[in-house]
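Report on the following structure.
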Amino acid sequence: PKTVYLKDYTPPEYLIDEIELTFELDAERTLVRSHLSLRRNPQCHSECVTLELQGEELELLSVAVNGEKLADTDFVITPEAMIIRRVPQDKAFVVSIENRINPAANTALEGLYLSSSMLCTQCEAQGFRKITWFLDRPDVMTRFKTTLIADKNRYPVLLSNGNRTGQGDLADGRHWVGWQDPFAKPCYLFALVAGQLECVADEFITMSGRRIELEIFVEQHNVDKCAHAMQSLKNAMRWDEETYGLEYDLDLYMIVAVDHFNMGAMENKGLNIFNTKFVLARPDTATDSDYEHIEGVIGHEYFHNWSGNRVTCRDWFQLSLKEGFTVFRDQQFSGDRTSPAVKRIEDVNALRTRQFAEDAGPLAHPVRPEAYIEINNFYTLTVYEKGAEVVRMLHTLLGSEGFRKGCDLYFKRHDGQAVTCEDFIKALEDANGVEFGQFRRWYAQAGTPLLTVTQHYAADAKQLHLTIQQSCPPTPNQPVKQALHIPVKLGLLNQDGSTATVRMRDNSATEVTLNLTETEQTFVFEDLPTQPVVSLLRGFSAPVNLNMERSLEELAFLLRHDSDTFNRWEAGQQLACQIIFGLMTDLQNGRALQLDEVMIDAYRSVLSGSFDDLSYQALLLALPEESYLAGQMAVIDVDAIHQAREFVKTTLATRLRTEFQALYAQHHRDESGCFDAGAVGRRRMKNTCLSYLSKLEIEDSYRLATQQFQTARNMTDQMAALAAIVNSYHPNKADSLESFYRQWEQEALVIDKWFALQASSSLPNTFATVQALMRHPAFDMKTPNRVRALIGAFSQANPVHFHAKNGEGYQFLADQVLVLNELNPQIASRMVTGLAQWRRYDPERQALMKQQLQRIVASEHLSKDVYEIASKSLA
Ligand code: B3K
Ligand code: ZN
């Protein structure tokens, strides 16, 4: 397979100003007619007279230029393109194509496909070429006119981008609907949907007083689960007006929810297509986290209307231009809607456990990658989440007003254009009269930087000297790293926990942002009569690892007193990490385990503290995840991590049982249907307590879990209770799973939770359960949500069993990858990443994982998607 390089970018030789598309829709035989209005790109001076259009898996019926049908000798069809030997050079011309496609056979879910009984599309990144031949690249921006024709009974609803321009019935039982999108767009933003869909409608009045129709389309049985999505959409529209001054631009905004979808959702202009998971919610079917994710994803896709659609990417290497920025925007939105402190912690937690691992492994790549084989493999944590951190640092460096000024200029300057990450930074610079020369390296350099911090307090001079060194480990193709511009937020605490003034030369403040630009820099803080406690990297001001020696007492002190909500939580995490690592050493040396009293005291004080934000309190009580701990180890020992962490959890539950029980009782009440911060926080605290108490494996806890399971009237409580049952030796486990299944058999999204919960259990026999679930009638390899719930959860959220010493987990995963490779390469390639970190394990496991990767690479008909991930993992 061939590699595409950023350095080879050249502008398109032709432009397509307009396309007229007609679809005669049918599940097995869809006819596509297209008229492309082309002309030479005046900016491109090449001599060539041929025209190459991309197209894959299409059946050609006819092609004409300016109405004249081409003879077979006038063009060539390859598996990836149509090359017309000669097209007019001096004037505009029209290429007309007729071709056929088979949506029902499309299990890759890219292009036009069938999901349950509806037809829908997914074109990003390169799916449009599976619909018809086109210049399938984001810098070709076209005005779309679309006519959809279909059987009226089977497909009463026919949708595409923009505004409805007409509709009518045909004699043969079919009907048609015309659509026109006034905004030129790249073809990756094209969409169509056809099916028997119900519409939930509402409206939004924009800041300039325009009335927008809002429509959510779902299957009949889901009409009662759209209210939250609709409210989220309205919240997002208002928020973008208030925060970025950005208003919606069409008169209609549509969202369609489909069961079969390769990722979360897609921002097609005026017609978003969503995975049902990020639309449907009812208090009894969706958890509080589901509610939050729905609001976040609805916001994300809505925000793309400006950051992505009005201003789009020049080429796919610039993907983070729209994704990093839009993730940053949705993070801000969700923080404002819920709790900024909790949202930030959740985002950093995800970044550190998942993106940091990617950045430390064989698939590491810069936020702006330089090469790819299959672009779909680059919708990564690095492009999305690290990309968002890069935008966040720019926000930190400019302050919110400066950042807003920069964004205003960016949208104004580039409206209607396809641009680069460089254009984004340039706009921020120009609007603020600053230069981000060195900062640009964040886009080009892969790997997670490491900051090593030492401090020296000079009592006589009343000065604190803080020395920070930065380094960055080598990554594929980047052996040597340059120093980055890293904003480091810092505060100081007095010995009594109060805030100390940060004085540097003439400036004094309660908090500063240090600009670390060299490999080593020393910062001096003045006027400190006693040695302060340093609170560094507040709010996680840069995506880096921090190496700073801290005593357990100092961490406990920060957990009590730090005024920065992120660092307060972080102190508790580091405290737990140190303790867990100490216990792992004890385990490895055969010593008996004992939990340090510092930990018990620290948790006791969190439990007895008074908190306005109970979700935050619950986070303070959550131990670092196993995957985060794994990321800190040179050689990952999944069993030791699990044992040590479970020991800490069980010991805390034993020693603080009264406190956990009291808090459970205090916060336990039925507030089903309430989603305000108070109700959500009470549920989080209560269920955190339940999770600890279930570690005790005693009758009392079993009763508590059963009672909650049987009486819960909301999914948060029901699921938390079921998790407590499934993850313990509860006597009613089988019955509870069975009754849950029967209760929710008709709700696919709830059944996904049922699969995932069992697949991620660390208790014995889980692998046998997973194998049995593969044969369950409700399991389906063609439904990505189901695959992720079972195979994804087992391989990515069950370290102990996936990494079983005998290699059965690895072999199982490789078996499934090879099946998926034939059906859905994108999903298959996501599943391979479970093996990518093989070098981090002991030699026996390394060998077993490597063997499976080699088996995958050696197999026949490998998709580009799977080949790229598997071969790069081995490299
Ligand atoms: N832009 C889409 C992702 C498309 C993925 C293509 N493999 C969703 C999003 O980020 O909003
Ligand atoms: Zn996005």
Lone unmet requirement of (1) within 22 Å of Phe411 (Cβ to Cβ); (2) touching a residue at least 60 places away in the same chain (Cβ under 8 Å) for Lys322: (2)
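On the basis of being closer than 20 Å to Val857 by Cα, touching a residue at least 40 places away in the same chain (Cβ under 8 Å) and touching a helix residue (DSSP H, G or I) at 6+ places or on another chain (Cβ under 7 Å), does Val787 make the cut? Break it down stepwise before answering.
On the way: closer than 20 Å to Val857 by Cα: no; touching a residue at least 40 places away in the same chain (Cβ under 8 Å): yes; touching a helix residue (DSSP H, G or I) at 6+ places or on another chain (Cβ under 7 Å): yes.
Against the criterion (closer than 20 Å to Val857 by Cα, touching a residue at least 40 places away in the same chain (Cβ under 8 Å) and touching a helix residue (DSSP H, G or I) at 6+ places or on another chain (Cβ under 7 Å)), Val787 does not qualify.
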Between a first residue in the range 836-860 that is in the same structural domain as Val819 (by TED's automatic domain parsing) and a second residue that is among the charged types (D, E, K, R) and open to solvent by less than 20 Å² (accessible area, probe 1.4 Å), which pairs have beta carbons less than 9 Å apart while being 6 or more apart in sequence or on different chains? Trp838/Arg845
Here is a check on your reading of the model: is Ser334 closer than 26 Å to Leu537 by Cα, in a helix (DSSP H, G or I), within 15 Å of ligand 1 (Cβ to nearest atom) and open to solvent by less than 10 Å² (accessible area, probe 1.4 Å)? no
Does Phe317 fit the bill of being in a helix (DSSP H, G or I), more than 11 Å from ligand 2 (Cβ to nearest atom) and touching a Pro at 6+ places or on another chain (Cβ under 9 Å)? yes
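Kindly state which strands (runs of 3 or more DSSP E) lie completely within the range 117-190 and contain at least 1 residues that are crowded, with 22+ Cβ neighbours inside 10 Å. Even if it seems obvious, please write down each step before you answer.
Details: elements: 118-122, 142-151, 157-160, 163-169, 174-185.
In the range 117-190, 118-122, 142-151, 157-160, 174-185 are the strands (runs of 3 or more DSSP E) which contain 1 or more residues that are crowded, with 22+ Cβ neighbours inside 10 Å.
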Give the range 274-307 a look and list any residue that's closer than 27 Å to Ser320 by Cβ, in a loop (DSSP other than H, G, I, E, B) and touching a residue at least 60 places away in the same chain (Cβ under 8 Å), or say none. Val279, Trp306
Every residue from the range 465-509 that is among the aliphatic types (A, V, I, L, M) and open to solvent by less than 30 Å² (accessible area, probe 1.4 Å): Leu466, Ile468, Ala483, Leu484, Ile486, Val488, Leu490, Leu492, Leu493, Ala500, Val502
With among the hydrophobic types (A, V, I, L, M, F, W, C) and open to solvent by 10 Å² or more (accessible area, probe 1.4 Å) as the only criterion, which of Val297, Val279 stands out? Val297
Going residue by residue through the range 566-589, is there one that turns out to be acidic (Asp, Glu) and surrounded by 18 or more Cβ atoms within 10 Å (Cβ to Cβ)? yes
Candidate set: the range 296-312, residues that are closer than 26 Å to Ile373 by Cβ and either small (Gly, Ala, Ser) or touching a Phe, Trp or Tyr at 6+ places or on another chain (Cβ under 9 Å) (or both); chosen: the one farthest from ligand 1 (Cβ to nearest atom): Thr312
Any idea which residue in the range 5-27 is surrounded by the fewest Cβ atoms within 10 Å (Cβ to Cβ), counting only those that are more than 28 Å from Phe93 (Cβ to Cβ) and among the hydrophobic types (A, V, I, L, M, F, W, C)? Leu6
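Residues to consider are Ala350, Ala371, Ala364, Ala341; find the one that is closer than 30 Å to Leu835 by Cα, of a type in the set (A, V, I, L, M), surrounded by fewer than 21 Cβ atoms within 10 Å (Cβ to Cβ) and more than 16 Å from ligand 1 (Cβ to nearest atom). Outline the logic, then answer.
Details: Ala350 fails: more than 16 Å from ligand 1 (Cβ to nearest atom); Ala364 fails: surrounded by fewer than 21 Cβ atoms within 10 Å (Cβ to Cβ); Ala341 fails: closer than 30 Å to Leu835 by Cα.
Just a single option satisfies the conditions, and that option is Ala371.
With the structure loaded, tell me whether Phe204 is in contact with a Leu (Cβ under 8 Å, 6 or more places away or on another chain), part of a strand (DSSP E or B) and surrounded by fewer than 24 Cβ atoms within 10 Å (Cβ to Cβ) or whether it fails that test. Spell out how you get there, then give the answer.
On the way: in contact with a Leu (Cβ under 8 Å, 6 or more places away or on another chain): yes; part of a strand (DSSP E or B): yes; surrounded by fewer than 24 Cβ atoms within 10 Å (Cβ to Cβ): yes.
It is true that Phe204 is in contact with a Leu (Cβ under 8 Å, 6 or more places away or on another chain), part of a strand (DSSP E or B) and surrounded by fewer than 24 Cβ atoms within 10 Å (Cβ to Cβ).
I'd like to verify a number: residues in the range 455-466 that are touching a strand residue (DSSP E or B) at 6+ places or on another chain (Cβ under 8 Å) and more than 15 Å from Leu537 (Cβ to Cβ), how many? Full working, then the answer.
Going residue by residue through the range 455-466, those that are touching a strand residue (DSSP E or B) at 6+ places or on another chain (Cβ under 8 Å) are 455-458, 463-466.
Imposing the further condition that a residue be more than 15 Å from Leu537 (Cβ to Cβ) reduces the set to 456-458, 463-465.
Number satisfying all stated conditions: 6.
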Going through the range 852-875 in order, the residues found to be buried (at least 16 other Cβ atoms within 10 Å of the Cβ), among the polar types (S, T, N, Q) and assigned to a helix (DSSP H, G or I) are Gln852, Ser871, Ser873
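The values are calculated or read from the model by the stated rules, or taken from the named source; none is laboratory data. Keep in mind it's a predicted model, so treat the numbers as computed, not measured. Every residue, glycine as well, gets a Cβ built from its backbone with ideal geometry; the counts of neighbours run over all protein chains shown. Surface areas here come from the heavy atoms of the whole protein model, side chains and all, with no ligands, DNA or RNA. Shrake-Rupley method; radii C 1.70, N 1.55, O 1.52, S 1.80 Å.
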